[in-house]
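Working notes, structure below.
The values are calculated or read from the model by the stated rules, or taken from the named source; none is laboratory data. The shown structure was predicted, so the numbers you read here are calculated from the model rather than taken from an experiment. Cβ placement follows ideal geometry from the backbone for every residue including glycine, while neighbour counts extend to all protein chains displayed.
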Amino acid sequence: KAGHGPVGATKKRIPNVKNVLAVSSCKGGVGKSTVSVNLAMSLKNKGYKVGILDADIYGPSMPMLLGKREAKPAANEQKKILPVEALGVHFISFGLFIQEDDAVIWRGPMLGGVLNQFLFDVEWGELDYLIIDLPPGTGDMQLSMVQATEVDAAVVVSTPQEVALLDTRKGMKMFEKVNVPILGMIENMSYFVPDDNLDKKYFIFGEGGVKNACSELKTDFLGEIPMEIALRVGSDTGVPYMSSSAHEGRPVWNAYMELAN
Ligand code: ADP
């Protein structure tokens, strides 16, 4: 655990950032990164200055999601790392420093070092929101990450199917341990809406899973994001759904704008 402070150690605040929000999930593949990037875009759409710290060391997907797979971050004269700009937000990612097909095994001290650099040696400038896309799961590593700095709030993303009460409870305990307030849970892939009938909902992964978990765990249900083909396509092509006004008024668009409120 070298490189990480003990639980309860004084946390350092990231300079010039008003709100630090951690996005977490108990499992991989539930859409945590998709939510992070589109939430960032929604906040940007509302006029806020937004940054994304992609701390997902297992699958750093921000360079792909933001269409910046080839980008290399520069440094300024003070040797601070400059985040990469994409579609009006700034981001930094482990993926920008490794080859895409590299199998990188980050061990404690090294990981701690890189993460510290990401937190404190990046010149974010003035930000209203910094969104931290955490690695999936709620183990020691995630704990070290959220205790390394002052995180103002956390959200947990799940699909209605993948919400395991036990895992989610563990996740909540993790944030409580380091005094990070949990805003609540976001349900992703809540239902599918066909293009030719926006009033129809198909509950592919079951209905109400996350809402039920929230009432069981006494945490807030923050909203549900439907499935849409365009959302997946936007992610695959590096143009996040919420960065394109072509989607304005669609169910996914409205769900994200509501979340950003
Ligand atoms: P995680 O970060 O939790 O591993 P991702 O954000 O990478 O998950 O999402 C997994 C896959 O599901 C991606 O291909 C993504 O484009 C897709 N996806 C996520 N949310 C939705 C949604 N609401 N509708 C359609 N596709 C989605």
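Listed values, structure above:
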| item | result |
| --- | --- |
| Residue pairs meeting the criteria (Cβ under 6 Å; at least 6 apart or on separate chains; first closer than 23 Å to Arg107 by Cα, in region 51-80; second away from the ligand (no atom under 14 Å from the Cβ) and modelled with pLDDT under 90) | Leu53/Phe118; Ala55/Met145; Ile57/Trp106 |
| Among the candidates Lys44, Lys27, residue that is closer than 21 Å to Ile225 by Cβ, within 12 Å of the ligand (Cβ to nearest atom) and of a type outside the set (S, T, N, Q) | Lys27 |
| Criterion violated by Met64 - all others in (1) hydrophobic (A, V, I, L, M, F, W, C); (2) over 29 Å from Cys214 (Cα atoms); (3) away from the ligand (no atom under 16 Å from the Cβ) satisfied | (3) |
| Per-region count, region 93-115, residues within 20 Å of Gly67 (Cβ to Cβ) and either of a type in the set (A, V, I, L, M) or surrounded by 14 or more Cβ atoms within 10 Å (Cβ to Cβ) (or both) | 6 |
| Any chance Val156 is within 28 Å of Leu66 (Cα to Cα), within 12 Å of the ligand (Cβ to nearest atom) and either in contact with a helix residue (DSSP H, G or I) (Cβ under 9 Å, 6 or more places away or on another chain) or in contact (Cβ under 8 Å) with a residue 40 or more places away in the chain (or both) | yes |
| Selected residue (criterion: farthest from Leu130 (Cα to Cα)) from residues of region 49-59 that are more than 9 Å from the ligand (Cβ to nearest atom), more than 11 Å from the chain's Cα centre (by Cα) and part of a loop (DSSP other than H, G, I, E, B) | Ile57 |
| Failed condition for Phe118, given (1) within 29 Å of Asp220 (Cα to Cα); (2) surrounded by 23 or more Cβ atoms within 10 Å (Cβ to Cβ) | (1) |
| Verdict on Met110 being part of a helix (DSSP H, G or I) and within 26 Å of Asn212 (Cβ to Cβ) | no |
| Pairs, first at pLDDT 95 or above and in a helix (DSSP H, G or I) in region 34-48, second hydroxyl-bearing (Ser, Thr, Tyr) and within 16 Å of the ligand (Cβ to nearest atom), C-beta under 6 Å, six or more apart | Thr34/Ser235; Asn38/Tyr241; Asn38/Tyr256; Met41/Ser243; Ser42/Tyr256 |
| Conditions (1) surrounded by fewer than 23 Cβ atoms within 10 Å (Cβ to Cβ); (2) over 30 Å from Ala164 (Cβ atoms); (3) of a type outside the set (Lys, Arg); number of the one not met by Gly29 | (2) |
| Matching option when the condition is under 19 Å from the mean Cα position of the chain (by Cα) and away from the ligand (no atom under 11 Å from the Cβ), among Ala213, Ala260, Ala246, Ala255 | Ala260 |
| Per-region count, region 230-250, residues touching a strand residue (DSSP E or B) at 6+ places or on another chain (Cβ under 9 Å) and either farther than 22 Å from Val89 by Cβ or among the β-branched types (Val, Ile, Thr) (or both) | 0 |
| Answer from Glu216, Glu187 - the residue that is charged (D, E, K, R), touching a Pro at 6+ places or on another chain (Cβ under 7 Å) and under 22 Å from Lys27 (Cα atoms) | Glu187 |
| Residue within region 123-143 that is free of Cβ contacts under 8 Å to residues at least 40 places away in the same chain, part of a strand (DSSP E or B) and within 13 Å of the ligand (Cβ to nearest atom) present | no |
| Test: residue in region 239-246 that is in contact with a Ser or Thr (Cβ under 7 Å, 6 or more places away or on another chain) and modelled with pLDDT under 95 | no |
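Conditions tested, residue by residue: (1) under 14 Å from the mean Cα position of the chain (by Cα); (2) modelled with pLDDT under 90.
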site	(1), (2)
Ala71	no, no
Pro83	no, no
Glu100	no, yes
Ile131	yes, no
Leu143	no, yes
Ser158	yes, no
